[in-house]
1. Test Phe45 against the criterion of being modelled with pLDDT of 95 or more and either exposed (fewer than 15 other Cβ atoms within 10 Å of the Cβ) or within 16 Å of Leu149 (Cβ to Cβ) (or both), and give yes or no.
2. Picking from Lys141, Lys88, which residue would you name as being farther than 23 Å from Ile73 by Cα and modelled with pLDDT of 95 or more?
3. Within region 57-65, can one find any residue that is at pLDDT 95 or above, more than 11 Å from the chain's Cα centre (by Cα), under 18 Å from Ala128 (Cα atoms) and outside the structural domain of Ser132 (by the TED database)?
4. Scan region 115-131 and tell me whether some residue there is open to solvent by 30 Å² or more (accessible area, probe 1.4 Å), aliphatic (A, V, I, L, M) and not assigned by the TED database to the domain that holds Ile34.
5. Consider Phe72 carefully, then state whether it is touching a helix residue (DSSP H, G or I) at 6+ places or on another chain (Cβ under 9 Å), open to solvent by less than 10 Å² (accessible area, probe 1.4 Å) and among the aromatic types (Phe, Trp, Tyr).
6. I'm trying to understand the selection: among the residues of region 19-53, which are touching a residue at least 40 places away in the same chain (Cβ under 8 Å) and within 20 Å of Ala155 (Cα to Cα)?
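The values are calculated or read from the model by the stated rules, or taken from the named source; none is laboratory data. All figures in this text were calculated on a predicted structure; none of them were measured in a lab. Note that each Cβ is placed from the backbone with ideal geometry, even for glycine, and that neighbours are counted across all protein chains shown. Accessible surface areas use protein heavy atoms only, side chains included; no ligands, DNA or RNA. Shrake-Rupley method; radii C 1.70, N 1.55, O 1.52, S 1.80 Å.
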Amino acid sequence: MRFVPGLVLLLPLLSPLAHAELIDDVFDRGELRIALEANTPPYNFKDGDKLTGFEVELGEQLAKEMEVRPSFITVDDADLLPGVESGKFDVAINHIAMTAALQDRFDFSEAYKQTPELAIPFQKGNPAFKSSLDNALQRVKADGRLKALTQKWFAPE
């Protein structure tokens, strides 16, 4: 019987899945919480009362591909990344460049825009979420929807 208490103390150390994966939380809620500023056209902005822009439409497409609904939360720049880091938001889709400093704090999707290279940050340590987000982004790229959004919002000069 003395072995059991010792085993109980070791169980949390033996289980790398002790904390829930972000993808499980997203599916349980049925929504992807997307933070953005809503004041930077053509990326994201309000047209009257309606939220619109390239990243809003991209977020809608990604959530659809992940089979959840998008939930957009407009925030100030100062609250954007800390909110993702703390888990208040699942992702920030706010024309964020993947820098070395940010890669120390966040995991990122693959790039959704090449010039400049923009990607979607989310909490570190969520490989299943990364896979789901990247797969959704790949499908949006593969069928031409990302290209169509890019042409719609960033017409060639």
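1. yes
2. Details: Lys88 fails: farther than 23 Å from Ile73 by Cα.
Exactly one residue qualifies, and that residue is Lys141.
3. Yes; the residues of region 57-65 include at least one that is at pLDDT 95 or above, more than 11 Å from the chain's Cα centre (by Cα), under 18 Å from Ala128 (Cα atoms) and outside the structural domain of Ser132 (by the TED database).
4. Quick first cut of region 115-131, residues open to solvent by 30 Å² or more (accessible area, probe 1.4 Å) only: 115-117, 123-125, 127-128, 130-131.
Narrowing further to those that are aliphatic (A, V, I, L, M): 128.
Narrowing the set further to residues that are not assigned by the TED database to the domain that holds Ile34 leaves 128.
Yes, the conditions are met somewhere in region 115-131.
5. For Phe72, the condition - touching a helix residue (DSSP H, G or I) at 6+ places or on another chain (Cβ under 9 Å), open to solvent by less than 10 Å² (accessible area, probe 1.4 Å) and among the aromatic types (Phe, Trp, Tyr) - is not met.
6. Within region 19-53, Thr40, Pro42, Tyr43, Asn44, Gly53 qualify.
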